[in-house]
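A.B. asks: Please read through the structure below; I'll follow up with questions.
The values are calculated or read from the model by the stated rules, or taken from the named source; none is laboratory data. Since we're looking at a predicted model, the values are computed, not measured. All Cβ positions, even for glycine, are placed from backbone atoms using ideal geometry, and neighbour counts span all protein chains on display.
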Amino acid sequence: MSCKRLKPGGKLITIEINDELREFSHSYFCKAGVDSKIIQMTGKAQDIVPGLNQMFDLVYIDGDKREYIEYFKLIVDKVITGGFILADNVLWGEKVLEKTTKDPQTRGIIEFNEMIRKDKSIEKVILPVRDGIMLLRVV
Ligand SMILES: C[S@@+](CC[C@H](N)C(=O)[O-])C[C@H]1O[C@@H](n2cnc3c(N)ncnc32)[C@H](O)[C@@H]1O
């Protein structure tokens, strides 16, 4: 995600489990001139997020589709009131329409979407661009 518009002193934290992507990603952060604004963390999000003792204005979820519910539950209390969570791929190439599918990634997205649908403490809308982005506002 772009971090050019971060407020002065603002930081973007990335979490990536694949350590082989660290240098690759960093080279592009440098090319974009934003490396000083980005904190790269390498490891499993479920291990890292509980140790982040800060609040976030915006969170973007785009990891393993089987783990979206875990990511959401770990991060939602660390988002400021009025802050946003974006969840990518929530239409999953239209496979979310296959309600009885046993495909684990598709099931993960279907169950995440259903959990959010039932959660009255969250304002939500699915933006039907490309693979579907769910925009959530914590209220
Ligand atoms: C679809 S890609 C994300 C791409 C990235 N958002 C982008 O636009 O370039 C999903 C990434 O999530 C990482 N990932 C999967 N499970 C993870 C986890 N539990 N914790 C951290 N990263 C994870 C994968 O290694 C993969 O690089």
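A.B. asks: For segment 43-99, name all the residues that are closer than 17 Å to Asp131 by Cβ, hydrophobic (A, V, I, L, M, F, W, C) and crowded, with 16+ Cβ neighbours inside 10 Å.
C.D. replies: Ile61, Ile85, Leu86, Ala87, Val90, Leu91, Trp92, Val96
A.B. asks: Test Asp77 against the criterion of being at pLDDT below 95, more than 13 Å from the ligand (Cβ to nearest atom) and not assigned by TED's automatic domain parsing to the domain that holds Leu6, and give yes or no. Even if it seems obvious, please write down each step before you answer.
C.D. replies: Working: at pLDDT below 95: no; more than 13 Å from the ligand (Cβ to nearest atom): yes; not assigned by TED's automatic domain parsing to the domain that holds Leu6: yes.
In short, no.
A.B. asks: Restricting attention to segment 8-22, which residues are over 12 Å from the mean Cα position of the chain (by Cα) and among the acidic types (Asp, Glu)?
C.D. replies: Correct list: Asp19, Glu20.
A.B. asks: Another question, if that's okay. Looking at (1) surrounded by 15 or more Cβ atoms within 10 Å (Cβ to Cβ); (2) out of contact with any helix residue (DSSP H, G or I) (no Cβ under 9 Å at 6 or more places or on another chain), can you tell me which one Ile38 breaks?
C.D. replies: Ile38 satisfies all of (1) surrounded by 15 or more Cβ atoms within 10 Å (Cβ to Cβ); (2) out of contact with any helix residue (DSSP H, G or I) (no Cβ under 9 Å at 6 or more places or on another chain) except (2).
A.B. asks: Inside segment 11-23, can you point out the residues that are out of contact with any helix residue (DSSP H, G or I) (no Cβ under 7 Å at 6 or more places or on another chain) and more than 10 Å from the ligand (Cβ to nearest atom)?
C.D. replies: Matches in segment 11-23: Ile13, Arg22, Glu23.
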